[in-house]
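Single-structure report; data block below.
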Amino acid sequence: MSPPLPSPVSSAYSNCSGDVGPLILLCAGGTGGHAFPARALAEKLISMGLRVAIATDQRAMKYFDDLQDAQKFMIKSGGYLSGLAAKIKAARDLVIGLRQSYVLLKKLKPAVVIGFGGYPTVPPVLMAQILGVPTILHEQNAILGLANKILAPRARKIALSVAATQGIAQKWIGKTLWTGNPVRGAIIDVAQKPYLLPDFSSGEKFQIMVVAGSQGARIFSDLVPRALVALPLELRTRVKILQQARLQDCDHVREIYRDGEMEVIIAPFFDNMAECLTNTHLFVARSGASTTAELTCTGRPAIYIPFPWHKDQQQLRNAEQIALAGGAVVAEERSLTPELLTREIEQLLTHPQRLSDMAKSAKSLGMIDAVDRLADMVLPLLSPAPIQPTP
């Protein structure tokens with residue numbers, strides 16, 4: 001007996017299974033880094049009048065909740081976990097996810113399935129490959145992630161956010177294309193504006209934005225503020241700080257800045273990120289895929305402090321690619337001290353031409369038309385064909 005079709009998690013779809021024309025199934029992992037480019041492509045395809053469905057897990061569904069005209073499904077998936085009990089559960093969830101994906105694909109009959117990385121993409125994309133449905137992969141980081149590495153041998157095309165992505169086997173090179181990593185429309189608007197250093201004669205301040213991202217850590221709530229308040233007084237009075245901090249850390253961060261004689265705004269979240277990007281002259285941030293995509297598209301200098309605990313060091317690889325081009329400084333967390341960070345920031349503030357050069361170099365890596373390039377990969381594969389099991 002076949003497993004039941006996963007129920008749509010939203011009824012907000014009017015352009016799906018009842019309509020004619022090929023359907024594109026987008027599959028994304030559980031974090032924003034995987035979901036944001038999937039969301040951008042979904043919006044692009046829908047704007048072109050195409051039918052779109054989303055398959056993901058519970059964690060990432062929030063990124064698609066308000067996406068109109070797209071049917072959404074949650075698929076079970078097994079994570080990459082340690083410990084015997086965890087591995088048994090992961091294997092069981094993977095089997096359930098594969099069965100769910102089989103039923104889903106038979107029902108939707110997608111013309112193309114696109115995976116954006118993360119373990120929740122493995123069941124639907126792998127099942128699509130077994131059933132003979134063309135698949136495309138998109139890699140956001142500068143090193144091929146494990147899910148995409150598993151799925152790459154049978155993928156029709158592999159889209160890369162970084163031209164020199166590591167982990168691409170020689171036999172896959174012919175099917176790779178550098179598309180870049182899609183960013184939101186508001187970020188593309190900022191990319192049209194030049195990077196301008198502050199006009200101190202008019203009272204404008206040098207704006208530094210500290211962004212810890214979804215994996216906020218103590219280093220951003222403690223070491224970074226301490227480094228900033230240790231700047232020479234003549235620099236501190238000319239600086240404005242925007243600091244993202246976890247809600248539970250905000251009071252601690254305010255205490256560090258209290259006697260720094262600096263203009264500081266501290267918040268758990270900034271919902272005006274496009275405005276922040278426009279006005280910020282230097283970022284201190286993690287180097288996740290979404291952050292690096294936005295800062296390269298807009299041409300903003302950054303000091304990247306990569307998340308150090310990924311097995312494949314994906315954030316370090318992201319940051320290194322930008323630093324190699326001259327668009328950023330990499331400060332590895334394991335060896336970073338407040339004194340080292342203070343010295344680096346002071347060097348940048350007192351050598352503005354270096355910041356301008358970094359901005360140009362960062363922007364040379366940005367791809368503001370990434371979503372169009374991705375869509376161009378999809379369109380040639382949209383001739384509907386019946387799903388047939390492969391030998």
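Tabulated data
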{"read-out": "Subset of region 220-251 that is of a type in the set (V, I, T) and within 11 Å of V284 (Cα to Cα) - its residue that is surrounded by the most Cβ atoms within 10 Å (Cβ to Cβ)", "value": "V224"}
{"read-out": "Top-ranked residue of region 278-292 - restricted to ones that are at pLDDT 95 or above and aliphatic (A, V, I, L, M), ranked as surrounded by the fewest Cβ atoms within 10 Å (Cβ to Cβ)", "value": "L282"}
{"read-out": "The listed residue being in contact (Cβ under 8 Å) with a residue 40 or more places away in the chain, polar (S, T, N, Q) and surrounded by fewer than 22 Cβ atoms within 10 Å (Cβ to Cβ), out of Q100, Q140, Q129", "value": "Q129"}
{"read-out": "Residue in region 301-314 that is more than 22 Å from the chain's Cα centre (by Cα), surrounded by fewer than 24 Cβ atoms within 10 Å (Cβ to Cβ) and among the hydrophobic types (A, V, I, L, M, F, W, C) present", "value": "no"}
{"read-out": "Selected residue (only one of L365, L374 is surrounded by 14 or more Cβ atoms within 10 Å (Cβ to Cβ), in a helix (DSSP H, G or I) and not polar (S, T, N, Q))", "value": "L374"}
{"read-out": "Unmet criterion (only one of (1) within 19 Å of R286 (Cβ to Cβ); (2) free of Cβ contacts under 8 Å to residues at least 24 places away in the same chain) for V162", "value": "(2)"}
{"read-out": "Total residues in region 14-71, condition at pLDDT 90 or above and among the aromatic types (F, W, Y)", "value": "2"}
{"read-out": "First in region 316-335 and in the same structural domain as Q166 (by TED's automatic domain parsing), second anywhere and part of a helix (DSSP H, G or I) and at pLDDT below 95, Cβ under 8 Å, 6 or more apart", "value": "none"}
{"read-out": "Elements of type helices (runs of 4 or more DSSP H) in region 177-278, at least 2 residues being aliphatic (A, V, I, L, M), out of contact with any helix residue (DSSP H, G or I) (no Cβ under 6 Å at 6 or more places or on another chain) and not assigned by TED's automatic domain parsing to the domain that holds I136", "value": "224-229"}
{"read-out": "Which numbered condition L379 fails, given (1) closer than 21 Å to L160 by Cβ; (2) touching a residue at least 40 places away in the same chain (Cβ under 8 Å); (3) out of contact with any Asp or Glu (no Cβ under 9 Å at 6 or more places or on another chain)", "value": "(2)"}
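The values are calculated or read from the model by the stated rules, or taken from the named source; none is laboratory data. It should be emphasised that the depicted structure is a prediction, and the values quoted were computed from it without experimental measurement. Note: ideal-geometry Cβ built from the backbone for every residue, glycine included; neighbour counts use all protein chains shown.
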